[in-house]
Amino acid sequence: MIEEKIIAACGNDCASCPRYAVHPYEKTDDELHHTAELWMRIGYRDRVVENEEIVCYGCKPENWCRYRVIKSFEPMCRQVCTDDEYKRLEKAFFEKEKNLSTKMGNKWSSDLEMNNMDQIWIDMYNAAKAVLGGKTISDYVTAGEVSAAVRSKSGNIYVGVCIDTCSTLGICAERNAIFNMITNGEYEIDRVLCIPPNEGKGAPCGACRELMVQLMPGKYKDIEIMIDYSKGQVMKLGELTPEWWID
């Protein structure tokens, strides 16, 4: 068994990743299919994807960390994975800081601290990106043209997509993600990120802001909103809604 680590720029250990198939870490078709099933079980994909989609040959600019298992999925991994599956995912994805520390030596800590906030946004973006994709569900319902990720105060990330109907029964991606958070027993929002059509610039609509305000009266102004991911532009909800009626 090969014990060498291959540490990516994000801190993942590619050598332990069940998707990584560069020599001498080639995977059989059955192994890749099992990984695709595992990705769906832990909630990182909404279906079992084809082997061609799950296999990875290393980081590429056009597909940077698209399927990376981020740490917010660790609780679900504990619930649905076997011991062997969890140990492998833990080694591959949940020891980033340890791996970066080993790779970069003592210099890593100050650099990592400076980039911690950026890494959280990257994790949120990747989580939202994984569920983005327009779908026609029926003649009257479409979904997925916009996706969002909400980070709770405890550090968990919840995702949602927009749902559009012909009779105004739809919902924005941000509120869908918030409802996902509430369904999982959490009620305080730390950050919100949305991927709008063409991945452009955008802020939550009035209805989404209203929900956040009513959910966290007295605290909502500190919620951080990603306005433009490409530029790293972040605003607090209090800046977007300085004079809300609930005050």
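The values are calculated or read from the model by the stated rules, or taken from the named source; none is laboratory data. Owing to the predicted nature of the structure, the values given are computational and were not obtained by experimental measurement. All Cβ positions, glycine included, derive from the backbone under ideal geometry; neighbour counts span all protein chains shown.
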Matching residues, segment 170-204, being in contact (Cβ under 8 Å) with a residue 24 or more places away in the chain and assigned to a strand (DSSP E or B): ILE189, ASP190, ARG191, VAL192, LEU193, CYS194, ILE195
Residues of segment 206-236 that turn out to be hydrophobic (A, V, I, L, M, F, W, C) and more than 21 Å from the chain's Cα centre (by Cα), as a count: 5
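With respect to CYS166, is the statement that it is touching a residue at least 12 places away in the same chain (Cβ under 8 Å) and either surrounded by 20 or more Cβ atoms within 10 Å (Cβ to Cβ) or not assigned by TED's automatic domain parsing to the domain that holds TYR229 (or both) true?
Considered against the rule, which asks whether it is touching a residue at least 12 places away in the same chain (Cβ under 8 Å) and either surrounded by 20 or more Cβ atoms within 10 Å (Cβ to Cβ) or not assigned by TED's automatic domain parsing to the domain that holds TYR229 (or both), CYS166 comes out as no.
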Condition broken by ILE225, with the remaining ones in (1) surrounded by 19 or more Cβ atoms within 10 Å (Cβ to Cβ); (2) on the phi > 0 side of the Ramachandran plot satisfied: (2)
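Looking at ASP84, ASP111 in this structure, which one is part of a helix (DSSP H, G or I) and at pLDDT below 50?
ASP111
Every residue, every condition in (1) modelled with pLDDT under 90; (2) among the hydroxyl-bearing types (Ser, Thr, Tyr); (3) touching a strand residue (DSSP E or B) at 6+ places or on another chain (Cβ under 6 Å), yes or no:
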position: MET117; (1), (2), (3): yes, no, no
position: LYS153; (1), (2), (3): no, no, yes
position: ILE157; (1), (2), (3): no, no, yes
position: ARG175; (1), (2), (3): no, no, no
position: ILE178; (1), (2), (3): no, no, yes
position: ILE182; (1), (2), (3): no, no, no
position: LEU193; (1), (2), (3): no, no, yes
Neighbours by Cβ (under 9 Å, 6+ apart or cross-chain): first from segment 22-36, assigned by TED's automatic domain parsing to the domain that holds ARG88; second aromatic (Phe, Trp, Tyr) and not in a loop (DSSP other than H, G, I, E, B): LYS27/TYR20
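Return yes when GLU62 is in the same structural domain as PHE93 (by TED's automatic domain parsing), surrounded by fewer than 16 Cβ atoms within 10 Å (Cβ to Cβ) and at pLDDT 90 or above and no when it is not.
Criteria not met by GLU62.
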